[in-house]
Structures are given as structure tokens and as C-alpha cells.
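Encoded as C-alpha cells, the structure appears first; notes follow it.
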Amino acid sequence: MVIARNLFLSPSTVTRLLEKLEKKGLILRFIYDRARMVQLTDKAWRMEPLISESVSLFSKRCYDLLGDQAGQICPLMTAMADKLRSGTNVLKPTEKLTTNTDLRSEN
């Protein structure tokens with residue numbers, strides 16, 4: 001649930017993605033003190049330099065496309081995601097909405 005909430009994905013989607021990573025030998029899933037845990041394998045840790053290089057290349061391409069605005073957009077998007085996350089309540093299937101969530105209304 002924590003991963004799903006942080007990535008704005010459904011729990012079933014996260015489960016499916018974790019199953020694929022586990023089949024590739026990149027993660028281990030286990031239960032610790034009644035909590036489901038995910039741990040990277042050595043194989044995944046060895047990929048870290050490649051991932052870091054990819055992030056750097058992506059950042060450079062963004063900067064090349066957006067110029068100085070690239071440095072402003074990422075922190076702004078992070079702040080917006082944090083605001084959305086803090087204002088998003090996940091309801092149980094039996095719970096009913098108590099407020100109007102229609103974004104088109106002008107309340």
C-alpha cells in the first residue's frame with residue numbers, strides 16, 4: 001500500500017510489477033513483523049550505476065530541451081505531487097464520499 005500510494009498506482013498494479021521484478025531476480029519479497037517487505041537483490045544493486053547514468057542522461061536531455069526551466073519544473077512537480085498526496089484519502093470500498101470531488105465544479 002505504501003508503494004502504491006507514493007507512486008499513485010493501484011495496489012494490484014504494484015503487486016503485478018513486484019512479481020515481475022521478483023521473477024527477474026531483482027527483488028525479494030518477505031513478511032517481517034506482519035508487514036510485507038521488499039528488498040533489492042545483489043543483482044539489482046549491481047544495476048545501480050546503469051540506473052544513475054540513465055537518470056543523468058535523462059536530466060541532461062530535459063535540460064537541453066527546456067533550458068533553465070528544467071531546474072524549476074522538477075521541484076515544482078515534486079511539490080505538487082506532495083500536495084496531492086497529502087490531500088488524497090484512500091477510501092475503503094464501503095465508505096461513501098462526504099464532499100464533492102468533481103473538479104469541474106466551481107465551489
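The values are calculated or read from the model by the stated rules, or taken from the named source; none is laboratory data. Here the structure is a predicted model, which is why all the values come from computation and not from measurement. So basically every Cβ, Gly included, is an ideal-geometry build from the backbone, and we count neighbours across all protein chains shown.
Among the residues making up the range 55-65, those that are over 19 Å from the mean Cα position of the chain (by Cα) and either surrounded by 13 or more Cβ atoms within 10 Å (Cβ to Cβ) or in a loop (DSSP other than H, G, I, E, B) (or both) are C62, Y63. Restricting the range 1-54 to residues that are of a type in the set (A, V, I, L, M), loosely packed, with under 10 Cβ neighbours inside 10 Å and not in a strand (DSSP E or B) leaves a set whose member that is modelled with the highest pLDDT is L50.
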